[in-house]
Amino acid sequence: VNGKAIIGTSAAHPISTPSGYSLYVGYGILTEKLKVANSSDTYNWSDFVFNKDYKLRSIEELDKYIEENKHLPGVSTEKEIKEKGINIAEIQKQQMEKIEELSLYIIDLQKQINELKRN
């Protein structure tokens, strides 16, 4: 109806698709492959973390942020996810950004270890 589809519900438990969505599947989806595509040119992947002008927080700044906010900076909070659900493309981007930041922290730590070994 109106370009929307509902799968896995019954007449006894009717449901409508939430605004902005075209498909509702009750009881979950099992698949061997899922591709989330973004047709927007404004969608940026997290490789910007490796740009020379990227400001990586110091470990002390990160520790303070986590202590105050109880979550990583730039990552959806539990409250946001409970209210809005999880946008798979967005959460994957957030996770990749954190993985890339962790890689920079590890590289920095290795440089510090190498310097200590030299001294």
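The values are calculated or read from the model by the stated rules, or taken from the named source; none is laboratory data. Everything numeric in this text was worked out from a predicted model, so none of it was measured. Here Cβ is always computed from backbone atoms with ideal geometry, including for glycine, and neighbour counts include all displayed protein chains. The accessibility values were calculated without ligands, DNA or RNA, using every heavy atom of the protein model including side chains. Shrake-Rupley method; radii C 1.70, N 1.55, O 1.52, S 1.80 Å.
Applying the criteria of a DSSP loop state and at most 11 other Cβ atoms within 10 Å to the GluC sites (Glu not before Pro) of the stretch 1-102 yields Glu32.
Evaluated with a Cβ-only charge set (Lys, Arg +1; Asp, Glu -1), the chain carries a dipole of roughly 300 debye about its Cα centre, given to the nearest 20. Phi angles of the stretch 77-84 translate, via the Karplus equation with coefficients 6.51, -1.76, 1.60 and θ = phi - 60°, into HN-Hα couplings of 7, 4, 4, 4, 5, 5, 7, 10 Hz per residue; Gly and Pro are given as x.
Might you tell me the accessible area per residue for the chain, computed with a 1.4 Å probe and given in Å²? Each step should come with its number before you reach the end.
On the way: 10270 Å² over 119 residues.
For the chain, the per-residue accessible area is 86 Å².
Only lysine pairs 8 or more places apart, or on different chains, with alpha-carbon atoms under 19 angstrom apart are counted in the chain, and they number 16. Of Ile15, Leu102, Thr77, which is farthest on the positive side of the dipole of the chain, counting Cα position, with +1 on Lys and Arg Cβ, -1 on Asp and Glu Cβ, and the Cα centre as origin? Most positive-ward Cα: Ile15. The residues packed around Arg57, meaning those with a beta-carbon under 10 Å from its beta-carbon, carry a net charge of -2 if Lys and Arg are +1 and Asp and Glu are -1. Apolar share of the accessible surface for the chain: 55 percent from carbon plus sulfur atoms, 1.4 Å probe. Less than 5 angstrom separates the built amide H of Tyr24 from those of Ala5, Ile6, Ile7, all sequence-distant by 5 or more or on a different chain. Taking other residues whose beta carbon is less than 13 angstrom from the beta carbon of Gly85, and scoring Lys, Arg as +1 and Asp, Glu as -1, yields -1. Considering only Tyr24, Tyr105, Tyr54, the Gaussian network model of the chain with Cα springs below 10 Å gives its largest mean-square fluctuation to Tyr24. A DSSP coil position with no more than 15 other Cβ atoms inside 10 Å describes the following trypsin sites (Lys or Arg not before Pro) in the stretch 7-87: Lys33, Lys35, Lys52, Lys55, Arg57, Lys70.
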